Amino acid sequence: MKCDKGVFDCLHTGRVKEEIHQGIISDDVVLDMEGVTAMDSSGAGAILSAHKQGLLGGHGFSVMHCCPNIMRHMELTRLDRIIVVI
């Protein structure tokens, strides 16, 4: 599934969380963050929530195409230690 380009923030997390929830019920999910240039705490929370849903359902969750700003945010919050980044 693909994130909207720009900022992954509280305006976008609701839709993304719903799509992830629908997908992760039956299969692994990869969140494509190509074009996402920044992320706030609600974006990080959505990623962590998706990871937890995957664990509970026995499915994997990962993110791909993270720009340097997103990777720095994930490192600072230590999400990079639990989320698979492709």
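Before moving on, here are some points about what is shown:
- Residues that are of a type outside the set (Val, Ile, Thr), surrounded by 14 or more Cβ atoms within 10 Å (Cβ to Cβ) and in a strand (DSSP E or B) within segment 1-10 comprise Lys2, Phe8, listed in sequence order.
- Filtered by the rule that a residue be touching a His at 6+ places or on another chain (Cβ under 6 Å) and surrounded by fewer than 21 Cβ atoms within 10 Å (Cβ to Cβ), segment 28-43 gives Asp28, Asp32, Glu34.
- Complete set of residues in segment 21-43 that are assigned to a helix (DSSP H, G or I) and closer than 14 Å to Asp4 by Cβ: Ser42, Gly43
- Subset of segment 18-66 that is under 12 Å from the mean Cα position of the chain (by Cα) and hydroxyl-bearing (Ser, Thr, Tyr) - its residue that is farthest from Leu79 (Cα to Cα): Ser42
- In the set Ile70, Ile47, Ile24, only one residue is on the phi < 0 side of the Ramachandran plot, hydrophobic (A, V, I, L, M, F, W, C) and in contact with a Gly (Cβ under 7 Å, 6 or more places away or on another chain); that residue is Ile24.
- Taking the criterion of being loosely packed, with under 15 Cβ neighbours inside 10 Å, part of a loop (DSSP other than H, G, I, E, B) and of a type in the set (A, V, I, L, M), the residues of segment 44-86 that qualify are Ile82, Ile86.
- Verdict on Thr13 being β-branched (Val, Ile, Thr) and exposed (fewer than 14 other Cβ atoms within 10 Å of the Cβ): no
Here, each number is a calculation from the coordinates, and none is a lab measurement. Because the structure is a prediction, the values reported are computed rather than measured. As a convention, Cβ positions derive from the backbone with ideal geometry for all residues, glycine included, and neighbour counts pool all protein chains shown.
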